[in-house]
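Every read-out reported here was derived from the displayed coordinates using simple, explicitly stated rules and does not represent laboratory data. Remember, predicted model here, so these are calculated numbers, not experimental data. With ideal geometry, Cβ positions are generated from the backbone for all residues, glycine too; neighbour counts draw on all protein chains shown.
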Amino acid sequence: MKIIVLLGLLGSLLFSDSLDALLQEYKSTSDNSLRTVNEKMGHVMIYSQKEIRLMHYTKLNDILKELPLFNINTNQIGLTNYSLTGSKTTTSGFFRFFINDHEISSGYDQSTSLSWGDLPLDFVDHVEIYYGESSFSFGNETGIYFVRIYTKSALKENSSEINSWITSTGANSQSFTNSASFENGWSYLMFFNQEEVKKTTIHNGQKLNSNGIKHYMYVDVGNDTTKVNVGYTDVSKNNYTGLSFDAMPTSGESLSTDFFINYTHYFLDDKSLKANLSVDANNRSYDETNVQGIAIAPLITFSQFGPSGPNRYSEDLRFIKTNAYLSKSFDVENNSFITAINIKNKTYDVQNRESDTNSNIGRFSPFDEETISSLLLQDSYKLRDDLILVANTKLDYYDRNAYLKDNSETLLRVGAIYTPTENWGFKSFYTQTKLAPSFYNIDYTNKNTLKLKSQEYRFYTLEGVYTQGDSKFGITYDHVNIDDFIYLTPIGFINVDHTISTEGLIFDYEYSFTDRDKIHLNYFTSTLSESVTNSTKGGYIKYMGGYQKFDYFTSLIYRNGYDYLGLSIPDSFDMSLGIAYHFTKDLSCSIKANNIFDRSTKSLYFTNLGMNFFALDDNERSVTFSFRWVF
Amino acid sequence: MKVFILLLTLLSFIFAENYTFLVQPYSKEVELEAKIIAEIATASLHSKIKLFIPQISEMEEKVYSKYFTLSPKCEDANFVFINKNIEEESLCDNASRLFFTNNYRKLLANDKYFGALFWNKSRPNIVFSKKRLEAKAIILPKTFEQFIEIF
């Protein structure tokens, strides 16, 4: 294979212009999106611009649903939600999402689901997913999975682009991107998107839906040393199963608007001093009506007739996050140091909260302000050319109002990266991190739990990679222990009173036939010390390729079935298949069949505070038609 | 020079392999930029090239020095590649040297530059100004004709 490619290349170089070949290779290299990878941050998976384009991923979830040791579900509100292997959580505090330098999770529950979940990828250049990081390099909040979304560069685009897609279910999206660079070195990129969400399921003969509309706006203005990012999104949608006792609300709607501005400036000639300031404002409203009652944990009352909740509930909340970050990197002999300070202030304001029986409920908890001051230090020491040792520590000091006591927490991580030959590489980390309870956790604390504690994660990971020619094979092992896991029972959050442990093994193999044709296989298996409420095994096989003006792509994503309280959830085989045609370099269209076997993953839901469980499909079978025009 | 670049490109394909971990700073894009600039400089000048890049980074210095003799001062160079936002006044005059930029608008606005390597629609492009090539008596190979614009 290599000889054929080599002969082809030789011919192309002899009979065509080498400058053209260099330009093509320059583009191809740029599309591999490797310039931002930081191996010291953990175990990384890269979704490059080339892969996003060839696989025709249109939304962030197209990528995330492939990830090993990771499950994507739909929660009660109809929002996409991310869970660690074997478990299903309602909100996902342990995944941190960044658009460039800015962390986009909610100030309320640390989840991205409502405002920024399932982001359109039309303005995204590439995505890096780090497993095992603990926010040491960013000075931000802690987590387990770090999803870094890098937007397209105005300097490389310098154009306008229209993207649109429509599915057989009626869901549709329209995007417009415009970018330009100027003589003075400044450049900008603007992105606007509107998406109509259509998701309908029949449960007990009643139609549940989370239909709604989303808008996104993103502006990136900058030059060599300064970057200003502004983001805005609003989402309005129906409540799906909502929080109703019978999981069938009479009516209900969620609204959320989120705005942020992020300013970054690099000082010194080598840009080693970095300052970052940001402000986020989030408004969210929720209302629901149901005759059988609504399960708002702090409002549930118990009587001889059983539990009861309000028949109508509405709330209007506002959250403000302000963040300041300053870091300095420097080298001393074989040591590369990064030191940083970060201060984050979060406030939570109840504008209105009422039910049919109380028109002024107000705050559930007096906890409405938190300031986190963090100090971090990382050293990567090059012991030998083939061995790098990494050690970092982070001290977080939480200053909280109300009854939660102020406390400080120390996080640490040590690791090594060993590359004995060009073909072999090994990487291992031990991490100890803590995830503090959010405003949401405290609001919805089980009344019998006086004070929620931070969850403590201790995990070690080992990764081995072997490459040969165009093949790459990798194995990753992880062992995680979690103390004081914050778990949502039907009547509120508790700290689980014992250590939860999980082990996982990931196998990964990829082979590039040519620059344009690639096959990728992944399989993972895991164990969990608790009863499982989600898949524990999974994998995918995907192939992407092209011939002349055509691209073709297919993937099969597998998640294993499981039993939970008498419910038997079958294996899931989510297969998609598509083809794209490029009329010109700038105009293309594609057609993609999604979930061909109609064997989507399922999510568990409950009624009557966990008395009964049922499962609903996460995705429907559909066909998507899309087009892209660059001008 | 051209044969040397061609051989390096070929060798990089022969030994093209997937990486295990990218522990060293990633330099492949700078490497390709340097190769392209080397092609252009070799075709434009017949004397030994002394390249000056204002505010050159550590990585650029390491990579570009494989293909060029780097000059620490603009005055000593015969080819200047401006790929950062700098004060134009700080540069030496253009009488005896060639100026190349990575900014198309800069190329249009300032006749000091005879060409640019820049990105548009996610693709790298090269443009030379026909009038400025003529004014500097630069004769490029025929294979470069597709990159020459009439202005």
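Per-structure values
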read-out: Local net charge near residue A:499, Cβ-Cβ under 12 Å (Lys/Arg +1, Asp/Glu -1); value: -4
read-out: DSSP beta bridges in chain B [antiparallel fraction, %, rounded to 5]; value: 30
read-out: Cβ-isolated cysteines (cut-off 4.7 Å), the protein assembly as shown; value: A:589
read-out: Inverse mean reciprocal Cα-Cα distance (Kirkwood Rh) of the stretch A:330-481, Å; value: 19.2
read-out: The stretch A:32-630: relative contact order as a whole-number percent, Cα under 8 Å and 6+ apart; value: 11
read-out: Computed over chain B, Kirkwood Rh from alpha-carbon pairs, angstrom; value: 16.4
read-out: Förster-model FRET efficiency, 22 Å R0, residue B:137 and residue B:48, C-beta, rounded to 0.05; value: 0.75
read-out: Shielding score for B:23-32, defined as the mean number of other chain Cβ atoms within 10 Å; value: 5
read-out: Neighbour cut-off at most 16 other Cβ (10 Å), DSSP loop, trypsin sites (Lys or Arg not before Pro), the stretch B:105-141; value: B:121, B:136
read-out: Estimated translational D of the stretch A:139-292 in µm²/s (Stokes, Kirkwood radius over Cα pairs; 37 °C; 0.692 mPa s); value: 175
read-out: For chain A, calculated [θ]222 nm from helices alone, where every DSSP H run of n ≥ 4 adds -39500 (n - 2.57); value: -2000 deg cm²/dmol
read-out: 14 Å beta-carbon shell around residue A:223, net charge (K/R +1, D/E -1); value: +1
read-out: Charge-dipole axis of the protein assembly as shown as Lys and Arg at +1 and Asp and Glu at -1 on Cβ define it, positive-most pick from A:371, A:205, B:150; value: B:150
read-out: Residue-by-residue Karplus 3J(HN,Hα) for the stretch A:338-348, coefficients 6.51, -1.76, 1.60, Hz, glycine and proline x; value: 10, 10, 8, 10, 9, 10, 10, 10, 10, 10, 9
read-out: Cα centre as origin, Lys/Arg/Asp/Glu Cβ charges: the stretch A:150-269 dipole, Debye; value: 460
read-out: Net charge over other residues, Cβ less than 14 angstrom from the Cβ of residue A:328 (K, R count +1; D, E count -1); value: -2
read-out: Lys/Arg +1, Asp/Glu -1 at C-beta; chain A dipole; positive extreme among A:392, A:317, A:238; value: A:238
read-out: Peptide-level mean, for A:381-388, of C-beta atoms on other protein chains within 10 Å; value: 1
read-out: Rounded to the nearest 20 debye, dipole of the protein assembly as shown from Cβ charges on Lys, Arg, Asp, Glu; value: 1120
read-out: Cα convex hull volume per residue for the stretch A:32-630 (Å³); value: 145
read-out: Estimated [θ] at 222 nm from DSSP helical runs (n ≥ 4, -39500 (n - 2.57)) normalised by residues in chain B, nearest 500; value: -9500 deg cm²/dmol
read-out: Estimated vicinal HN-Hα couplings, Hz - the stretch A:174-190 in sequence order (Karplus 6.51, -1.76, 1.60; Gly, Pro = x); value: 9, 10, 9, 10, 9, 8, 7, 10, 10, 4, 7, x, 7, 8, 9, 9, 10
read-out: Separation between Cα centres of the stretch A:426-479 and the stretch B:113-151, rounded to whole Å; value: 52
read-out: Viscosity 0.890 mPa s, temperature 25 °C, Stokes-Einstein D of the stretch A:523-631 from Kirkwood C-alpha radius, µm²/s; value: 150
